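Here is the structure we will look at, set down as structure tokens.
The values are calculated or read from the model by the stated rules, or taken from the named source; none is laboratory data. All figures in this text were calculated on a predicted structure; none of them were measured in a lab. Note that each Cβ is placed from the backbone with ideal geometry, even for glycine, and that neighbours are counted across all protein chains shown.
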Amino acid sequence: MTRLLSMAFWGDNFWQQKPRLPDWAPVLFAVGIAVYFALASEPSPVLLFAIIALNLLCLTLCKNRDAILKIAIAAPLLVVLGVGWANIAALYKTAAVLKYHYYGPIEGRIVKVDRSASDALRLTLDRVVLRQLAPGQTPERVRVSLHGALFDFEPVPGETIMLTGHLSPPAGAVEPSGFDFKRHAWFLRLGGLGYSRTPVVVLAPAGHAMALARARMLISTRVQAALPGQLGAFAATVLSGDRSGLNAKTLQDLRQTNLAHLLAISGLHMGLLTGFIFALLRLAVLSLPGSARHWPAKKIAACGAILAGAFYLALSGGNVATERAFVMAFVGFGALLFDKRALSLRSVSVAAFLVLLLRPSALLGPGFQMSFAATLALITVYTIWCKKRWQPWPKWTQPIWMVLMSSLVAGLATAPIAAAHFNMVSQYGLLANLISVPLMGLVIMPAGVIGLMLMPFELEGGALWVMGQGLA
């Protein structure tokens, strides 16, 4: 106890942790964002500016003083910056919201296609026009679920459509401290939600707008044509991020078996895709005559892997998990370009900081929390494993134990978050992931990547069949 209370003990531990201090910056920034969302009213901009200015002045005055004092000043500064940045982001997302129930014609451009909780096709529209509503009172975006007689309508992102439907303002939390959909909709700039039971009329074709979104839907259509049913819907989700083909039963089964993370284009998918492209390009360069002496095969392959990851990020729509995975892949392959060692924990902190800068509200969502919790837990355990050099079993069994350990660690790290957000705990997660993760790495993703590469030549059938066997 005396040792714990001694300043020497804390000072020694502080200096041992000095290389890790930058990794605490996104943690403090996230604390500030959480403080903002916990406030009952908007903070005073004058007060925030005064606190930031005072902290910056103190940092300037103690420029050559004790490092501990500088950290003691920088820590609250990062927290206040988090509060201020979340406030700015909330004000930037300001858009009109419906003030009453609306029924009538709805005109808009399709920007996203997915499915609702009731398994209905759902369209997100921008450039919205509503009858007898002034432009200043019209929501920037609305979301409409399609029920009833739709004839053979196949939505294409970029098309301008018209339908008749019901719209209502986004509702708030249904219980204290529950999920606040109204806040969620605010950051999506969704000002109205509803449904329609009437046919959809296409007013204008897509044109040249939203080419990536149309490419996503085209890939999804080709994949589902080669693999009909839920196999094709699962494959389309993994390769393009389009979930509109997945029905409610499949989603529920995946959640109950703790396999829903396979749908989110995250570290597993990004790592498998970029790693496969890296290995493929490196082998291709090394196979050229004289390339081993004249061409930096590793760096060329790293550049190709980064470009492939960027395309995958753009194609998938760029959710939180995908952004985190791409930043980590970019840092890792970027280190190869400069002949440096990639620091995994540092790449996680960089990814967290960038994601929070791009969308502070992501901090409150299960995607951000589960993605970073699993990644941090895996890196921590893997680092300890390597330092201790544990080898209690034969070397040939190490891949099996690593998969088992990864599934166990990731499941334990995300279980409390899943219980808090979804009111459920998976009972088969360890066994299901032990079977599915190797299949994803050895069969499904390599075959899917080959299928995507062959798709421009209309030769993807064989590769997608192999992918389908793995998914089945």
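Screening segment 191-214 for residues that are under 26 Å from the mean Cα position of the chain (by Cα) and in a loop (DSSP other than H, G, I, E, B) and picking the one that is modelled with the highest pLDDT gives 210. Taking segment 215-320 as the region of interest, the helices (runs of 4 or more DSSP H) fully inside it that hold 2 or more residues being assigned by TED's automatic domain parsing to the domain that holds residue 444 and in contact with a Pro (Cβ under 9 Å, 6 or more places away or on another chain) are 267-286.
Within segment 416-457, being of a type in the set (Gly, Ala, Ser) and either surrounded by 13 or more Cβ atoms within 10 Å (Cβ to Cβ) or within 30 Å of residue 217 (Cβ to Cβ) (or both) holds for 418, 426, 429, 432, 436, 441, 447, 448, 451.
Candidates 97, 31, 111: the one that is under 29 Å from residue 190 (Cα atoms), in a helix (DSSP H, G or I) and in contact (Cβ under 8 Å) with a residue 40 or more places away in the chain is 31. Within segment 286-338, the residues that satisfy the criterion of being over 26 Å from residue 378 (Cα atoms) and polar (S, T, N, Q) are 287, 291. Can you confirm whether residue 329 is crowded, with 22+ Cβ neighbours inside 10 Å, under 22 Å from residue 375 (Cα atoms) and not β-branched (Val, Ile, Thr)? When the stated conditions are applied, residue 329 passes them. If the condition is being of a type outside the set (A, V, I, L, M) and part of a strand (DSSP E or B), then segment 161-190 contributes 164, 165, 166, 168. Checking 317, 304 one by one, the residue that is of a type outside the set (S, T, N, Q), under 27 Å from residue 234 (Cα atoms) and touching a strand residue (DSSP E or B) at 6+ places or on another chain (Cβ under 9 Å) is 317 and no other.
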